[in-house]
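This report concerns only the one structure given below.
The values are calculated or read from the model by the stated rules, or taken from the named source; none is laboratory data. A quick note: this is a predicted structure, and the numbers were derived from the prediction, not measured. Reconstructed Cβ throughout: ideal geometry from the backbone, glycine too, with neighbour counts over all protein chains shown. Ligands, DNA and RNA are stripped out before the accessible areas are found, and what is left, the full protein with its side chains, is counted by its heavy atoms. Shrake-Rupley method; radii C 1.70, N 1.55, O 1.52, S 1.80 Å.
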Amino acid sequence: MHPGVLHRRFLNDLSTSLFSFVLPLLPTSEELNVKEEVRGLIEKLIKTLEPSARLLSFGSSCNSFGLRNSDMDLVVLIDDPNATIEPGNFVESMATLLERETNFNVKPLPRARIPILKLELAPSPALPFGIACDIGIENRLAIENTRLLLTYATIDPARVRTLVLFLKVWSKRRRINSPYRGTLSSYGFTLMVLYFLVHVKQPPVLPNLQRIMPMRPMEEEEVMLEGKNVYFFDDVETLRREWSSVNFESVGELLIDFFRFFSHDFQFNNSVLSLRAGQLTKESKGWVNDIDVGGLNEMARDRNRLCIEDPFEITYNVARTVTKDGLYTIRGEFMRATRILTQRPDRAVLALAELCR
Ligand code: CTP
Ligand code: MG
């Protein structure tokens with residue numbers, strides 16, 4: 001058979017295999033219901049401490065990139081402007097309360113840089129993997145960046161969700177999704193995929209939601225939160241009606257191209273990935289890593305090996321956890337993935353299994 005035909009067939013096969021790979025890893029509706037019940041229960045208890053408090057989910061439980069049995073990310077928002085609440089103390093009060101009123105294993109971290117409360121429920125027949133959740137205080141930016149990710153997913157769920165979910169599984173199986181061990185968070189990998197679909201692919205698969213302005217004649221839209229511009233175009237109905245991509249590549253093609261781009265083309269040494277603004281230089285952001293700052297500052301040096309700008313908190317490098325070794329490993333994994341997918345074995349299913357081994 002002609003090699004072109006074989007290649008076409010492999011790409012079709014790869015796309016179908018990606019959908020079937022991801023499908024059984026999605027959370028069941030039962031799991032989602034239990035988690036929502038847990039959230040509601042904890043919220044009720046927290047309201048006894050502070051009546052104006054609300055408990056909201058963020059992260060993968062509501063950005064549509066959730067996998068089965070993933071942790072819950074929760075945040076307490078306090079609406080009463082007169083309530084004087086110090087996050088560390090509030091974490092301690094919540095810990096005491098939840099210890100007394102629930103079966104959760106409670107671990108407060110009130111003096112951490114960002115105070116949080118960790119909760120764990122041991123596995124049971126009804127919940128074979130238990131529940132783990134982190135509760136933070138007043139992290140409103142996380143709610144907004146969760147909404148941004150969800151809106152991107154909503155524009156083209158078949159391609160965007162499949163790519164992100166696959167990358168999350170792949171990065172976890174290959175052990176490069178551990179911010180505490182020098183590699184990158186799921187949030188970081190998700191931003192890489194979105195950056196690729198908005199700024200690298202031509203024609204783009206997704207619009208830049210932070211650049212689309214409403215049709216109404218008015219000055220540039222700014223929505224400020226904690227001193228950050230958190231504006232993005234979130235009118236999904238209008239997007240559905242008025243925006244459609246002219247990029248028709250299949251999810252399989254996009255995956256191969258994603259790995260290829262980050263194996264060979266992206267300049268890790270001097271570039272910053274910015275979903276908001278496209279490719280930036282480390283120099284322009286002051287995120288330099290190759291100055292010799294001496295032995296004492298090895299940690300500071302390591303902070304900007306991989307640079308991913310947060311969409312709203314633009315002075316914050318989401319990938320600051322990635323060390324020199326971590327980046328080396330991540331890049332090695334991108335190359336391995338490119339190799340496996342471009343060697344075109346007979347069956348895409350086998351390639352995916354090999355990729356995630
Ligand atoms: N977040 C953030 N800054 C980071 C990491 C995370 O603001 N450096 C916030 C984001 O709102 C993100 C949420 O925390 O959506 C959860 O991050 P993470 O756990 O990395 O992503 P999940 O999608 O929840 O992935 P997982 O299923 O692996 O938990
Ligand atoms: Mg999470």
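Brief remarks follow.
- Looking only at the stretch 60-77, and only at residues there that are modelled with pLDDT of 95 or more and over 21 Å from Leu163 (Cβ atoms), the one that is nearest to ligand 1 (Cβ to nearest atom): Asp73
- Residues of the stretch 242-280 that turn out to be small (Gly, Ala, Ser) and assigned to a loop (DSSP other than H, G, I, E, B), as a count: 4
- Members of the stretch 246-262 found to be polar (S, T, N, Q) and farther than 15 Å from Val193 by Cβ, listed by number: Ser250
- Restricting the stretch 68-91 to residues that are open to solvent by less than 20 Å² (accessible area, probe 1.4 Å) and within 16 Å of ligand 2 (Cβ to nearest atom), the residue that is farthest from Ala158 (Cα to Cα) is Val75.
- Looking across the stretch 97-139, the residues that are open to solvent by 60 Å² or more (accessible area, probe 1.4 Å) and charged (D, E, K, R) come down to Glu99, Arg100, Glu101, Lys107, Arg111, Arg113, Lys118, Glu120, Glu138.
- Close pairs (6 angstrom Cβ cut-off, 6 or more residues apart or separate chains): under 13 Å from Asn145 (Cα atoms) in the stretch 222-247, among the basic types (Lys, Arg) anywhere: Leu225/Arg140
- Qualifying position, being closer than 30 Å to Phe10 by Cα and loosely packed, with under 14 Cβ neighbours inside 10 Å, among Asp257, Asp265: Asp265
- Within the stretch 319-357, the set of residues being assigned to a loop (DSSP other than H, G, I, E, B) and hydroxyl-bearing (Ser, Thr, Tyr) comprises Thr321, Thr323.
- In summary, Ala158 fulfils each of the numbered conditions (1) at pLDDT 95 or above; (2) open to solvent by 10 Å² or more (accessible area, probe 1.4 Å); (3) within 24 Å of Ile314 (Cβ to Cβ) with the single exception of condition (3).
- Residue count for the stretch 177-199 under the criterion of being of a type outside the set (S, T, N, Q), more than 17 Å from Phe258 (Cα to Cα) and within 9 Å of ligand 1 (Cβ to nearest atom): the result is 1.
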